[in-house]
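> First, the structure itself, so that you have it in front of you.
Rule-based calculations on the coordinates, nothing more; no lab input. None of the values given here were measured: they were computed from a predicted structure. Heads up, the Cβs are rebuilt from the backbone with ideal geometry, glycines too, and the neighbour counts pull from every protein chain shown.
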Amino acid sequence: MNISAKTVMELRAKTSAGMMDCKKALTETNGDMEAAIKYLREKGISKAAKKADRETKEGKIYSYIHGNGKIGVMIEVNCETDFVAKNEKFNILCKNLAMHIAATNPIAISEEDIDPKIIESEKEIYKNKALNEGKPEKIIERIVEGQIKKFKQQNCLLDQEFVKDPDKAVKDIMNEAIMALGENIKISRFVHYSLGG
């Protein structure tokens, strides 16, 4: 199977594993990104994954008010030590995350955090839309599945395209920060305020 350099780079950005390890993981998993990440973790190669289980009791609550004063964000970003919490790179990360949330207004940090009622409601909407458009019954489930996947990607903070660099997801930015600062970093919670909202 021919694995493109772009796919290898994408896996490298997500795991910080070496280029050859990334290429091997993608070859072994037929180009399946999630399976390749799992493969690297199981082999103990993904450095960011190794840090993922470490406790994050320090950090910062960062607030951002958009220039027009009509949108505000508060976010709690945690790390392992007070030393990193005071680091300029960590503070830039907090600011970038808050600005991203101000621009995109996600509904959850990750897929697991979305209220199942919201997903069920969205499924119903997509199903009825497909039926109203006269789509064949046998493909409606696939259509709904695809729409739900897209909905999660657009509404889960970690899966969203990062506004400052749409070639990367927010989770890629987080992994880069983990590698640069040498500590586990997590987003614990956030609140998006809009005037009158």
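> What's the tally of Lys pairs in the stretch 115-155 whose alpha-carbon atoms lie under 13 angstrom apart, where the two lysines are 8 or more places apart or on different chains?
Numbers: K123/K149; K123/K150; K123/K152; K127/K135; K127/K138.
Lysine pairs satisfying the spacing and distance rule in the stretch 115-155 number 5.
> In µm²/s, what is D for the stretch 115-155 at 4 °C and 1.567 mPa s, where D = kT/(6 pi eta Rh) by Stokes-Einstein and Rh is the Kirkwood radius from Cα pairs?
On the way: Rh = 10.3 Å.
It comes out at roughly 126 µm²/s.
> Here's another thing I want to ask about it. Once amide H atoms are built 1.01 Å from N in the peptide plane, which residues 5 or more positions from N184, or in another chain, come under 5 Å H to H?
E80
> For Y193, which sequence-distant residues (separation of 5 or more, or a different chain) have an amide H within less than 5 Å of its own amide H, given hydrogens modelled in the peptide plane?
Sorted by chain and number, the residues that satisfy this are G72, V73, M74.
> So how do 124-134, 96-106 stack up, highest first, on mean other-Cβ count within 10 Å? Don't jump to the answer; show the numbers that get you there.
On the way: 124-134: 12.5, 96-106: 19.2.
Taking the mean over residues of other Cβ atoms within 10 Å, the ranking is 96-106, 124-134.
> Which distance in nm do the two modelled labels at S63 and N105 give, with both placed 7 Å along the Cα-to-Cβ direction?
Output for this residue pair reads 2.1 nm.
> As an exercise, use a Förster radius of 22 Å and the Cβ-Cβ distance of K89 and K164 to find the FRET efficiency, rounded to the nearest 0.05.
Values: r = 15 Å, r/R0 = 0.67.
FRET efficiency, K89 to K164: 0.90.
> Residue-wise, which Karplus ³J(HN,Hα) couplings in Hz belong to the stretch 163-168, taking 6.51 cos²θ - 1.76 cosθ + 1.60, θ = phi - 60°, and x for glycine or proline?
4, 7, 8, x, 6, 10
> Could you tell me the relative contact order of the chain? Use alpha-carbon pairs under 8 Å, at least six residues apart, and round to a whole percent.
Numbers: 273 pairs, mean separation 50.5, N = 197.
It comes to 26 percent, rounded to a whole number.
> Report the percentage of all Cα-Cα pairs in the chain whose separation exceeds 22 Å, rounded to a whole percent. Numbers along the way, then the final one.
Values: 11057 of 19306 pairs.
The answer is 57 percent, as a whole percent.
> Here is a further query. Using 0.36 nm per residue of separation minus the Cα-Cα distance, give me the extension gain between I119 and E55 in nm, one decimal.
Details: separation 64, 0.36 × 64 = 23.04 nm, distance 3.05 nm.
Stretched out fully, the I119 to E55 stretch lengthens by 20.0 nm.
> Here is a further query. Determine ³J(HN,Hα), in whole Hz, for all residues of the stretch 92-99 in sequence, where each value follows from phi through the Karplus function 6.51 cos²θ - 1.76 cosθ + 1.60 and θ = phi - 60°; x replaces Gly and Pro.
5, 4, 4, 4, 4, 5, 5, 5
> What Kirkwood Rh does the stretch 127-197 have if only Cα atoms enter the pairwise 1/r average? Answer in Å. All intermediate terms of the calculation are to be shown ahead of the outcome.
Values: mean 1/r = 0.0657 Å⁻¹.
Roughly 15.2 Å, rounded to one decimal.
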